[in-house]
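All remarks here apply to the structure that follows.
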Amino acid sequence: MDEDLVLKAKMGNHEALAQLLYRNYEIVYKYLIKFVLNVNVAEDITQETMVRAIEKFDLYNAQKSKFSTWLITISQNLYMDHLRKVKRESKYIEGSITQEEDFIGRLSVQAKEYDGSWNAILNALSKLSEEIRHPVVLKHYYGYSLEEIASKMSIPLGTVKSRIHNGLKTLRKELE
Amino acid sequence: MEENKNGNLDEVISEKIKGGIDFIDQNVKIDIPDISHFRLMVASVEEKKRQRLNKETFIFMLSAITILSFEILAFSNSFVSFIIIQSMAVTLLPLAGIIGAVRRKHKKVNLI
């Protein structure tokens, strides 16, 4: 179905492009929320991904990858830009609940069959900084190799190893 | 011994991470905008692309006509002036293009 829409969109059909973005919005959002644990940031980056996809749609090659994969790549790059911005601004609110902790709290409340078993790990993950949480999730959830993570994040392999090591160290401490 | 202990714990943590993130996947509430939002977005971005293209085409045409006018004037009135203008165009215009591109890149990075 996506392939048909891509063909039509490539021929200038705006409705087909809108349908493609609408159908893939959830995929991009769910990909991002796993890293950011922040509803507002995930929504912002997802929106920005949609805009960037429209701007660069001429460059999309359907032979190379699925449309959803291409969108994920764009969102990944935008997320990296977001991380660099966060690092430059280095804002951290001391002594108050962070947006990530608030997200975990609200998620626990809205879960249909909530038994509290995932609270500990999710709270521990929310305490990691985004630049550490990102490679940890890429490795331990998505199963990417260290080299693939280094390429995705455009950082040296040594930095990836160091961040994952520090991330696991913090998680171990939080879970003990 | 310590390494073994940490290695086993890391496997447990890895499993917990997978379970925790699957939990997020299954339970996160997503407010997917209505299809009309995407139609508006496509229309808006395409309009901006069209306006940008028109602007760049206009600037290109204006620059080309201006340069051509100078060239014709110089060639008809003074061959030496023509050579000077031609040499300046060949060296300065590509340089201006590179400087413009670098500035746009810096502007993009600063806006992020």
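Considering only the stretch B:52-65, I want to know if a residue exists there that is within 9 Å of another protein chain (Cβ to nearest Cβ) and either free of Cβ contacts under 8 Å to residues at least 40 places away in the same chain or touching a Lys or Arg at 6+ places or on another chain (Cβ under 7 Å) (or both).
Let us first name the residues in the stretch B:52-65 that are within 9 Å of another protein chain (Cβ to nearest Cβ), namely none.
The answer is no; no qualifying residue exists.
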Close pairs from the stretch B:2-14: first surrounded by 11 or more Cβ atoms within 10 Å (Cβ to Cβ), partner at pLDDT 65 or above, Cβ under 6 Å, at least 6 apart: B:Leu9/A:Arg172; B:Asp10/A:Leu168; B:Ile13/A:Leu171; B:Ser14/A:His140
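Given the residues B:Ile72, B:Ile21, which is the only one that is more than 19 Å from the chain's Cα centre (by Cα), free of Cβ contacts under 8 Å to residues at least 40 places away in the same chain and within 14 Å of chain A (Cβ to nearest Cβ)?
Working: B:Ile72 fails: within 14 Å of chain A (Cβ to nearest Cβ).
The match here is B:Ile21.
In the stretch B:27-44, is there at least one residue being away from chain A (no Cβ under 13 Å) and either in contact with a Leu (Cβ under 8 Å, 6 or more places away or on another chain) or of a type in the set (A, V, I, L, M, F, W, C) (or both)? Break it down stepwise before answering.
Let us first name the residues in the stretch B:27-44 that are away from chain A (no Cβ under 13 Å), namely none.
No.
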Residues located in the stretch A:125-147, provided they are on the phi < 0 side of the Ramachandran plot and of a type in the set (Gly, Ala, Ser): A:Ser126, A:Ser129, A:Ser145
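Just to be sure I understand, how many residues within the stretch A:44-71 are among the charged types (D, E, K, R) and in contact with an Asp or Glu (Cβ under 8 Å, 6 or more places away or on another chain)? It would help to see each step written out before you state the result.
Keep residues of the stretch A:44-71 that are among the charged types (D, E, K, R), which gives A:44, A:48, A:52, A:55-56, A:58, A:64, A:66.
Subsequent filtering for residues that are in contact with an Asp or Glu (Cβ under 8 Å, 6 or more places away or on another chain) retains A:66.
Matching residues across the stretch A:44-71 total 1.
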Residues of the stretch A:20-38 being within 7 Å of chain B (Cβ to nearest Cβ) and either touching a Leu at 6+ places or on another chain (Cβ under 6 Å) or of a type in the set (Asp, Glu) (or both), in sequence order, are A:Glu26
For the stretch A:6-114, please list each of the helices (runs of 4 or more DSSP H) lying entirely inside it that holds at least 1 residues being modelled with pLDDT under 90, of a type in the set (A, V, I, L, M, F, W, C) and loosely packed, with under 14 Cβ neighbours inside 10 Å. A:99-110
So which residues in the stretch B:75-91 are assigned to a helix (DSSP H, G or I), over 28 Å from the mean Cα position of the chain (by Cα) and surrounded by fewer than 13 Cβ atoms within 10 Å (Cβ to Cβ)? B:Ser76, B:Asn77, B:Phe79, B:Val80, B:Ile83, B:Ile84, B:Ser87, B:Met88
Could you tell me how many of the residues in the stretch A:141-176 are touching a residue at least 60 places away in the same chain (Cβ under 8 Å) and part of a helix (DSSP H, G or I)? 2
What number of residues within the stretch B:56-103 satisfy the criterion of being under 30 Å from A:Leu83 (Cβ atoms) and either among the acidic types (Asp, Glu) or modelled with pLDDT under 80 (or both)? 0
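The values are calculated or read from the model by the stated rules, or taken from the named source; none is laboratory data. Nothing here was measured: the structure is a model prediction, and the numbers come from that model. Positions of Cβ are backbone-derived with ideal geometry, glycine not excepted, and every protein chain shown enters the neighbour counts.
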